[in-house]
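Taking it in order: structure first as structure tokens, then the write-up.
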Amino acid sequence: MKSPLLSLPGAVPAEGRDEGVAAHYGDLFREQRALADGSGLVDLSHRAVVTVTGSDRLAWLHLLLTQHVSELAPGQATEALILTAHGHIEHALYLVDDGETVWMHAEPGTQGDLVAYLESMKFFYRVEVADRTADFAVVYLPAGSIAEVPDGVTVRETAYGRDLFLPRADLEAYAAAHGPVAGILAYEALRVEAHRPRLGFETDHRTIPHELGWIGTAVHLQKGCYRGQETVARVQNLGKPPRRLVFLHLDGSEVVLPGHGTPVRLAADGAEGRQLGFITTSARHHELGPIALALVKRNVAVDAELLAGDTAAAQETVVEP
């Protein structure tokens, strides 16, 4: 869905998975600094919004998700995954219950598959699943923001900020009252700085939760059965994941950032060396300069100097080998 905020002065449309909202509004670093200081907002109205209502909603979701949600308190934010039977990540969900309804947002364009899966698992449970993407827009307020939240709007509050499930018809007026509006590139740069994985960027068709550090934040290890749990338990108890997420400081002299999928190799082996991983997300940060997240083989030494394509990269550990 195309956001009405793309009509604001300076708006440059985002491309790819984030199509429909602004990449930036003319000054990427100013927008980042505003968010880091706790001011402004980010238009995430392209994200999927799904709700679950009914008296069995928490008990039912508890059986399907990787997170412990059967006793989720109203207003308590959490993250959860839906895995395949082999333990690979299929959906990443960001949830909150308001006492009557579980609200969740997910990656843009995934609502069809998500709703279809949830509908297929309803059986005799008293739940109703609804795609609310056309009616509600996700708006992000950074940590420290003093922006007011309208009465009746569901809020998902975390250490990183607040996600508002705002009626889509109110988006323009709310942005005008509580801006400045920052683009998705500023939001993504702060996400990379915080080492937070994102589905479709840090994941591929074979990614398991351990590789990205989603154990604990999105996967509860002491809950009951869910699809893919066998893989999670086996890796936790008997082994290590084949890959691990790393944070990279990139050589600032390069003009072009290495894009998603750019091969990562040992610097000692040069640009023709064996590929050991790939760039998942890269960004320009207002303080750190060019940075990135990458998924590399577990046995890559934590102090090894790396190459992202032709760009020198120094790594920081996100997931322990």
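The values are calculated or read from the model by the stated rules, or taken from the named source; none is laboratory data. Since this is a predicted model, take the numbers as computed values, not measurements. As a convention, Cβ positions derive from the backbone with ideal geometry for all residues, glycine included, and neighbour counts pool all protein chains shown. We work out accessible area using only protein heavy atoms, side chains counted, and drop any ligands, DNA or RNA first. Shrake-Rupley method; radii C 1.70, N 1.55, O 1.52, S 1.80 Å.
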Query raised in the report: Mind checking which residues of segment 238-273 are within 11 Å of residue 312 (Cβ to Cβ) and among the polar types (S, T, N, Q)?
Result: 253
Report task. Go through the residues of segment 31-47 one by one and say whether even a single one is of a type in the set (Lys, Arg), surrounded by fewer than 17 Cβ atoms within 10 Å (Cβ to Cβ) and under 21 Å from the mean Cα position of the chain (by Cα). Result -> yes
Query raised in the report: Considering 149, 192, 181, 153, which residue is without any contact (Cβ under 8 Å) to a residue 24 or more places away in the chain and open to solvent by less than 40 Å² (accessible area, probe 1.4 Å)?
Result: 153
**Report entry** From 87, 99, residue being modelled with pLDDT of 95 or more and surrounded by fewer than 20 Cβ atoms within 10 Å (Cβ to Cβ)
**Finding:** 99
**Report entry** Top-ranked residue of segment 156-178 - restricted to ones that are among the charged types (D, E, K, R), in contact with a strand residue (DSSP E or B) (Cβ under 7 Å, 6 or more places away or on another chain) and within 26 Å of residue 281 (Cβ to Cβ), ranked as surrounded by the fewest Cβ atoms within 10 Å (Cβ to Cβ)
**Finding:** 162
Query raised in the report: Only one of these conditions is not met by residue 282: (1) hydroxyl-bearing (Ser, Thr, Tyr); (2) open to solvent by 20 Å² or more (accessible area, probe 1.4 Å); (3) farther than 22 Å from residue 184 by Cβ. Which number is it?
Result: (3)
Report task. Starting from residues that are assigned to a strand (DSSP E or B) and aliphatic (A, V, I, L, M), keep the ones in segment 249-279 and report whichever is surrounded by the fewest Cβ atoms within 10 Å (Cβ to Cβ). Result -> 266
Report task. May I ask you to verify whether residue 302 is at pLDDT below 95, open to solvent by 60 Å² or more (accessible area, probe 1.4 Å) and closer than 25 Å to residue 189 by Cα? Result -> no
Requested in this report: State yes or no: is residue 316 open to solvent by 10 Å² or more (accessible area, probe 1.4 Å), assigned to a strand (DSSP E or B) and either over 27 Å from residue 23 (Cβ atoms) or in contact (Cβ under 8 Å) with a residue 60 or more places away in the chain (or both)?
Outcome: yes
Report summary line: Looking across segment 213-222 at residues that are out of contact with any helix residue (DSSP H, G or I) (no Cβ under 7 Å at 6 or more places or on another chain) and open to solvent by 20 Å² or more (accessible area, probe 1.4 Å), the single one that is farthest from residue 236 (Cα to Cα) is 217
Report summary line: All-but-one check, residue 116 against (1) surrounded by fewer than 17 Cβ atoms within 10 Å (Cβ to Cβ); (2) closer than 21 Å to residue 1 by Cα; (3) touching a residue at least 40 places away in the same chain (Cβ under 8 Å); (4) not polar (S, T, N, Q), failing number (3)
**Report entry** Residue match in segment 205-212 (condition: in contact with a Pro (Cβ under 6 Å, 6 or more places away or on another chain), closer than 15 Å to residue 320 by Cα, open to solvent by less than 20 Å² (accessible area, probe 1.4 Å) and assigned to a helix (DSSP H, G or I))
**Finding:** yes
Report summary line: Those residues of segment 223-248 that are open to solvent by 50 Å² or more (accessible area, probe 1.4 Å) and assigned to a loop (DSSP other than H, G, I, E, B) come to a total of 4
Report task. Kindly establish whether residue 58 is surrounded by fewer than 20 Cβ atoms within 10 Å (Cβ to Cβ) and of a type outside the set (Asp, Glu). Result -> yes
